[in-house]
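Peer 1: One structure, as structure tokens, below. Some questions next.
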Amino acid sequence: MDLLSLARTVKDRVEEPITDVLAAARIVTDPRTPLLLALSTLVVTPLYRASFLASAAGSGVLQCLAVRPCDLDSLAEYLEVPDDRRRLRAWLDIGVRLGEFDMREGCYRLKSTPAKLLAQVGNDAVAATLEEIMRFHVPVLLDAPRMLKTGRGFSLDDQDGPVIARSSLALQGFVQEAIGKTLERDRPVRLLEIGCGTGTYVRHAAELNPRLTALAVDLQKDVAVQAADNMARWGLTDRVETRQGDLRELELQPQFDLVTLHNNIYYFPQSERVEVLERARSFLAPGGRLLLTSSCQGGGNLSLDVLNLWFEYADFGGPLPQEDELTAQLEKAGFADVRATQIIPTQPFRAFVGTNAPAATA
Ligand SMILES: C[S@@+](CC[C@H](N)C(=O)[O-])C[C@H]1O[C@@H](n2cnc3c(N)ncnc32)[C@H](O)[C@@H]1O
């Protein structure tokens, strides 16, 4: 090696680390770097965790791993994924990377506290609420400006009926309290439940009054089928008929002592609510009562505000009701003795009761 080449080699070796340090310094001092790091920690990682947990709960993987640690093959069998083990492993490994799962001795197991809690059967409504937030609330936040431009609105098909039916049960305590306060127990009662979801509240009413019989109706076919399956599982088919139907098209005699609408008045546009309530009243026997429960606007609950936003962007339905407005609509629909009760102070959940007053005798 000549002297010149030697000098060049030495010079390069000395300069390399200096160049690396300078490049690293330039990257670290890029004003966007701290913002990216902060976003990643405070916003993106929680979003990834929520998405992963929602899908792990919704697919049943959490519940499966709660029973016992599972290897890739058993999870593939459970999820009925015959071929694509590579991509299933890639998804599961992200769960490990996020700290939700652990991988030991070839088996995945639950690691984080949220994963363990969401896997519990008693927390199914919370797991479904997380799925509802990720699948329905996130899209409205993400797409609202674009939807305004294109004029597209959400349809009922954008909702997953069975997931919503399960997530609605997060309000179970409120609704059951309202039923307990309204339902007569000392005589046979004929109940019509509109928008029955899982059928849980018909079951609750049937348990409170063993002489109660009911017709449970839901607009969505898959929801109605699931409610019918539940009635069979709960041994209630001889007392409860379940069918798919739309309140606006039901042809029924005025035979019911109680008509219930739980958590669905906002599935009807505001302009149609009086008509819908009149229709519900037409199914009541004289002296029969309507029990309508709903979360209302206000109250500072962020999830409810986003749910309200979703219905603002739906091409069916309308915003969550306001207490005074819905009370006035019930009165306009012909109900007497309309009362709105707050089940728990400070909570924006209300139970509305109105009576189909018997015709006055001359
Ligand atoms: C949020 S879910 C509530 C389910 C259940 N009532 C509960 O509280 O758990 C609303 C339900 O109302 C049903 N629904 C909406 N519009 C309806 C209509 N016009 N007739 C009958 N059911 C309807 C939907 O299909 C959906 O299952």
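The values are calculated or read from the model by the stated rules, or taken from the named source; none is laboratory data. Remember, it's a predicted structure, so these values are computed and weren't measured experimentally. Ideal geometry is used to build each Cβ from the backbone, glycine not excepted, and the neighbour counts take in all protein chains shown. Accessible surface is based on the protein model in full, side chains and every heavy atom, while ligands, DNA and RNA are left aside. Shrake-Rupley method; radii C 1.70, N 1.55, O 1.52, S 1.80 Å.
Peer 1: Considering Gly334, Gly299, Gly317, which residue is within 17 Å of the chain's Cα centre (by Cα) and either without any contact (Cβ under 8 Å) to a residue 60 or more places away in the chain or open to solvent by 20 Å² or more (accessible area, probe 1.4 Å) (or both)? Outline the logic, then answer.
Peer 2: Working: Gly334 fails: within 17 Å of the chain's Cα centre (by Cα); Gly299 fails: within 17 Å of the chain's Cα centre (by Cα).
When all the criteria are applied, what remains is Gly317.
Peer 1: Mind checking which residues of the stretch 233-273 are assigned to a loop (DSSP other than H, G, I, E, B) and within 19 Å of Leu284 (Cβ to Cβ)? Don't jump to the end; show me each part of the working.
Peer 2: Applying the first criterion (assigned to a loop (DSSP other than H, G, I, E, B)) to the stretch 233-273 yields 234-239, 245-246, 250-255, 263-264, 268-269.
Those that are assigned to a loop (DSSP other than H, G, I, E, B) and within 19 Å of Leu284 (Cβ to Cβ): Gly245, Asp246, Leu250, Glu251, Leu252, Gln253, Pro254, Gln255, Asn264, Phe268.
Residue-wise test of (1) more than 16 Å from the ligand (Cβ to nearest atom); (2) under 21 Å from the mean Cα position of the chain (by Cα); (3) in contact (Cβ under 8 Å) with a residue 24 or more places away in the chain.
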{"position": "His137", "(1), (2), (3)": "no, yes, yes"}
{"position": "Val140", "(1), (2), (3)": "no, yes, yes"}
{"position": "Leu169", "(1), (2), (3)": "no, yes, yes"}
{"position": "Gln176", "(1), (2), (3)": "no, yes, yes"}
{"position": "Lys181", "(1), (2), (3)": "yes, no, yes"}
{"position": "Leu212", "(1), (2), (3)": "yes, no, yes"}
{"position": "Ala227", "(1), (2), (3)": "no, yes, yes"}
{"position": "Thr242", "(1), (2), (3)": "no, no, yes"}
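Peer 1: Being within 20 Å of the chain's Cα centre (by Cα) and part of a strand (DSSP E or B) is the filter here; which residues of the stretch 274-296 pass it? Lay out the reasoning, then the answer.
Peer 2: We begin by selecting, within the stretch 274-296, every residue within 20 Å of the chain's Cα centre (by Cα); these are 292-296.
Leu292, Thr293, Ser294, Ser295, listed by residue number.
Peer 1: Restricting to the stretch 254-279, count the residues that are in contact with a strand residue (DSSP E or B) (Cβ under 9 Å, 6 or more places away or on another chain) and more than 17 Å from Pro321 (Cα to Cα).
Peer 2: 6
Peer 1: Condition first: assigned to a helix (DSSP H, G or I), more than 26 Å from Ile133 (Cα to Cα) and of a type in the set (Gly, Ala, Ser). Can you find one or more residues in the stretch 164-175 that meet it? Before the answer, list the steps.
Peer 2: Initially, the stretch 164-175 is screened for residues assigned to a helix (DSSP H, G or I), giving 164-175.
Next cut, more than 26 Å from Ile133 (Cα to Cα) only: none.
Looking for residues that are assigned to a helix (DSSP H, G or I), more than 26 Å from Ile133 (Cα to Cα) and of a type in the set (Gly, Ala, Ser), one finds none in the stretch 164-175, hence no.
Peer 1: With the requirement that a residue be modelled with pLDDT under 95 and among the polar types (S, T, N, Q), what does the stretch 288-307 give you?
Peer 2: Gln297, Asn301, Ser303
Peer 1: Based on what the data block shows, is Phe311 touching a strand residue (DSSP E or B) at 6+ places or on another chain (Cβ under 6 Å) and surrounded by 15 or more Cβ atoms within 10 Å (Cβ to Cβ)?
Peer 2: Considered against the rule, which asks whether it is touching a strand residue (DSSP E or B) at 6+ places or on another chain (Cβ under 6 Å) and surrounded by 15 or more Cβ atoms within 10 Å (Cβ to Cβ), Phe311 comes out as no.
Peer 1: Let me ask something else. In the set Asp218, Asp246, Asp257, which member is crowded, with 16+ Cβ neighbours inside 10 Å, near the ligand (Cβ under 8 Å from one of its atoms) and in the same structural domain as Lys332 (by TED's automatic domain parsing)? Talk me through it step by step, then tell me what you get.
Peer 2: On the way: Asp246 fails: crowded, with 16+ Cβ neighbours inside 10 Å; Asp257 fails: near the ligand (Cβ under 8 Å from one of its atoms).
None of the others qualify; the one that does is Asp218.
Peer 1: Another question, if that's okay. With a cut-off of at least 3 residues that are surrounded by fewer than 17 Cβ atoms within 10 Å (Cβ to Cβ), name the helices (runs of 4 or more DSSP H) lying wholly within the stretch 61-112. Spell out the reasoning first.
Peer 2: Values: elements: 61-67, 72-78, 85-97.
So the answer is 72-78, 85-97.
Peer 1: Could you list, in sequence order, all residues of the stretch 41-51 that are open to solvent by 50 Å² or more (accessible area, probe 1.4 Å), within 19 Å of the chain's Cα centre (by Cα) and aliphatic (A, V, I, L, M)?
Peer 2: Scanning the stretch 41-51 gives a single hit, Leu47.
Peer 1: So, one more: Test Ile179 against the criterion of being touching a helix residue (DSSP H, G or I) at 6+ places or on another chain (Cβ under 6 Å) and not in a loop (DSSP other than H, G, I, E, B), and give yes or no. Steps first, please.
Peer 2: Working: touching a helix residue (DSSP H, G or I) at 6+ places or on another chain (Cβ under 6 Å): yes; not in a loop (DSSP other than H, G, I, E, B): yes.
Judged against the criteria, Ile179 is a match.
Peer 1: Of the residues Arg190, Arg152, only one is open to solvent by 10 Å² or more (accessible area, probe 1.4 Å), away from the ligand (no atom under 16 Å from the Cβ) and touching a Lys or Arg at 6+ places or on another chain (Cβ under 9 Å); which? Walk me through it before giving the result.
Peer 2: On the way: Arg190 fails: touching a Lys or Arg at 6+ places or on another chain (Cβ under 9 Å).
None of the other options fit; the residue is Arg152.
Peer 1: Shifting gears a bit: Test each condition in (1) of a type in the set (S, T, N, Q); (2) within 15 Å of the ligand (Cβ to nearest atom); (3) farther than 18 Å from Glu184 by Cβ for Thr237 and report the one that comes out false.
Peer 2: Status for Thr237: all satisfied but (2).
Peer 1: Here's another thing I want to ask about it. Determine which member of the set Ala38, Ala54 is surrounded by 10 or more Cβ atoms within 10 Å (Cβ to Cβ) and touching a residue at least 24 places away in the same chain (Cβ under 8 Å).
Peer 2: On the way: Ala38 fails: touching a residue at least 24 places away in the same chain (Cβ under 8 Å).
Exactly one residue qualifies, and that residue is Ala54.
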